[in-house]
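The values are calculated or read from the model by the stated rules, or taken from the named source; none is laboratory data. These numbers come from a predicted model, not from an experiment. Don't worry about glycine lacking a Cβ; one is built from the backbone with ideal geometry, like all the others, and counts go over all protein chains shown. For accessibility, only protein heavy atoms count, side chains too; no ligands or nucleic acids. Shrake-Rupley method; radii C 1.70, N 1.55, O 1.52, S 1.80 Å.
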Amino acid sequence: MTREGTYFREELFQRINALKKEMNALVLAHYYTLPEIQQVADIVGDSLALARAAEKNNADVIVFAGVYFMAETAKILNPAKQVLMPDLFAGCPLADSCPADEFRKFKNQHPGAIVITYINSTAEIKALSDITCTSSNVEHIIRQIPEEQQIIFGPDRNLGAYIAKKCNREMVLWQGYCYVHDDFSEEYMLKACAEHPDAELIAHPECQEEVLRHAHFVGSTKALLDYTVSSPVNKFIVATEPGILYEMQKRSPQKSFMMAPKEPDNPRGVCTQMKQNTLEKLYQCMLNRTPEIVIEEKLRLEALVSIRRMLEMSPG
Ligand code: 13P
Ligand code: SF4
């Protein structure tokens, strides 16, 4: 049995499950967290599914095993609920690459443009935005914007470029990126495809165009997962964060999945921030009801506008 901090794993599962009942808590986890976190969570999902789950539930406490912007979004939607996070320092470097002061200047350079912002951003950036989006709903949202309307998109340049091309729209892009997705190389990808001609390459749109153009299917974490279930193909090379392989394998035990390769010993292969959510930290955060997400009310109300618009404009 694996030892996790001071408790054994099974004991932690039991204690967490008992606390869930006692606190009337809902544990949400992103697909990129550790398998044991996904096992103990009530809902595992991508950014959109988790935002929706955070919006509609009867829990008194939300415990968010993900990264900071996700828990912050849950708190923006639920001011009356306590929102806890196992590790407050599990941030998102993509979100951090877009400071509010600089983004305000960027926005001011394009007066009249509508600002559509990836959910992987801080509350301050959401407050400066017209509509928030995720990789699941970005296309659906962009297609609702009149063609003559100029669009500013941030902070992910790869997702922005992908969607601008797909929707045939000119978009002004903030030049942020996710190190996990941006780091896949075309050369290694092509080698893997040549070595496994029976496999399909599937990729998240946070990857660079030079990778995306070789993919059989491009989609959000949830779309990739659904594709592996519905596709008749039995082997996949997956270009996204490796945490999703746990759910892919669970849903299709007869199929085989391999991570798209990176250079040997590349330390940027996993989202280390997502992995900061350990069972021990999850248990301690529930037991002690800390760390808790706190957000100033004025900022919350400003950020809520763009999140609400996203939820209204998303497909059903
Ligand atoms: P999705 O969950 O929307 O696919 O986003 C991926 C991601 O990088 C989350 O941080
Ligand atoms: Fe941020 Fe990338 Fe980690 Fe997602 S996978 S939380 S975008 S660093």
Handout entry: From the options 272, 221, residue that is hydroxyl-bearing (Ser, Thr, Tyr), open to solvent by less than 10 Å² (accessible area, probe 1.4 Å) and within 16 Å of ligand 1 (Cβ to nearest atom)
Key = 221
Practice task
Would you please name the residue that is farthest from residue 35 (Cα to Cα), looking only at residues in the range 244-265 that are in a loop (DSSP other than H, G, I, E, B) and open to solvent by less than 10 Å² (accessible area, probe 1.4 Å)?
Solution key: 260
Practice task
Please determine, by comparing only the residues of the range 275-294 that are crowded, with 17+ Cβ neighbours inside 10 Å and β-branched (Val, Ile, Thr), which one is farthest from residue 188 (Cα to Cα).
Solution key: 293
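Quick grid of which residues meet (1) over 29 Å from residue 97 (Cα atoms); (2) free of Cβ contacts under 8 Å to residues at least 24 places away in the same chain:
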{"position": "166", "(1), (2)": "no, no"}
{"position": "180", "(1), (2)": "no, no"}
{"position": "207", "(1), (2)": "no, no"}
{"position": "213", "(1), (2)": "no, yes"}
{"position": "222", "(1), (2)": "no, no"}
{"position": "227", "(1), (2)": "yes, no"}
{"position": "231", "(1), (2)": "yes, no"}
{"position": "262", "(1), (2)": "no, no"}
{"position": "267", "(1), (2)": "no, yes"}
Completion exercise
Restricting attention to the range 107-142, the residues that are open to solvent by 30 Å² or more (accessible area, probe 1.4 Å) and not small (Gly, Ala, Ser) number exactly 11
Completion exercise
All-but-one check, residue 67 against (1) under 28 Å from residue 301 (Cα atoms); (2) at pLDDT below 95, failing number (2)
Practice task
Please state which of the following conditions residue 195 fails to meet, knowing it meets all the rest: (1) modelled with pLDDT under 95; (2) surrounded by fewer than 17 Cβ atoms within 10 Å (Cβ to Cβ).
Solution key: (1)
Completion exercise
Of the conditions (1) of a type outside the set (D, E, K, R); (2) more than 22 Å from residue 290 (Cβ to Cβ); (3) away from ligand 2 (no atom under 16 Å from the Cβ), the single one that residue 32 does not satisfy is (3)
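Here's the yes/no breakdown for (1) within 30 Å of residue 288 (Cβ to Cβ); (2) modelled with pLDDT of 95 or more; (3) within 12 Å of ligand 1 (Cβ to nearest atom):
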position	(1), (2), (3)
114	no, yes, no
126	yes, yes, no
133	no, yes, yes
137	no, yes, yes
